[in-house]
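Working notes, structure below.
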Amino acid sequence: MRLAALARQARCARAAGLPLPSPCVRVCRIAPATGQCLGCQRRLDEITDWLTMDDDRKWAIWQRVMQRAAAGACHRHGAA
């Protein structure tokens, strides 16, 4: 599943008070320059701690993931 679709699921789950899905899209490669997964945009500590986080922390990670993904899309399309 693509990250954008998972992000929509996460927003709906958050609004409904349900457990948040993981951002994992099964493209597990860490970019040396950023230390972030190229698939889910999480850092290694965010990935390894995911299962023990409460939903507030998971939601904070989701917000960062969405920001990172948006920033990455801007860079890929030539925006600053």
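The values are calculated or read from the model by the stated rules, or taken from the named source; none is laboratory data. Quantities reported herein were computed from a predicted structural model and do not represent experimental measurements. With ideal geometry, Cβ positions are generated from the backbone for all residues, glycine too; neighbour counts draw on all protein chains shown. Areas reflect the complete protein model, heavy atoms only, side chains present, ligands, DNA and RNA absent. Shrake-Rupley method; radii C 1.70, N 1.55, O 1.52, S 1.80 Å.
Here is how the numbers come out for the structure above:
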item	result
Residue under evaluation Gln36, criteria (1) among the polar types (S, T, N, Q); (2) out of contact with any strand residue (DSSP E or B) (no Cβ under 6 Å at 6 or more places or on another chain); (3) closer than 14 Å to Ala69 by Cα, criterion not met	(2)
Extreme residue, modelled with the highest pLDDT, among residues of the stretch 1-48 that are more than 14 Å from the chain's Cα centre (by Cα) and open to solvent by less than 50 Å² (accessible area, probe 1.4 Å)	Ala13
Matching residues, the stretch 18-46, being part of a loop (DSSP other than H, G, I, E, B) and either basic (Lys, Arg) or farther than 15 Å from Trp62 by Cβ (or both)	Arg26, Val27, Cys28, Arg29, Ala31, Pro32, Ala33, Thr34, Gly35, Leu38, Arg42
Neighbours by Cβ (under 6 Å, 6+ apart or cross-chain): first from the stretch 10-30, closer than 18 Å to Met53 by Cβ; second open to solvent by 50 Å² or more (accessible area, probe 1.4 Å)	Leu20/Asp55; Pro21/Gln9
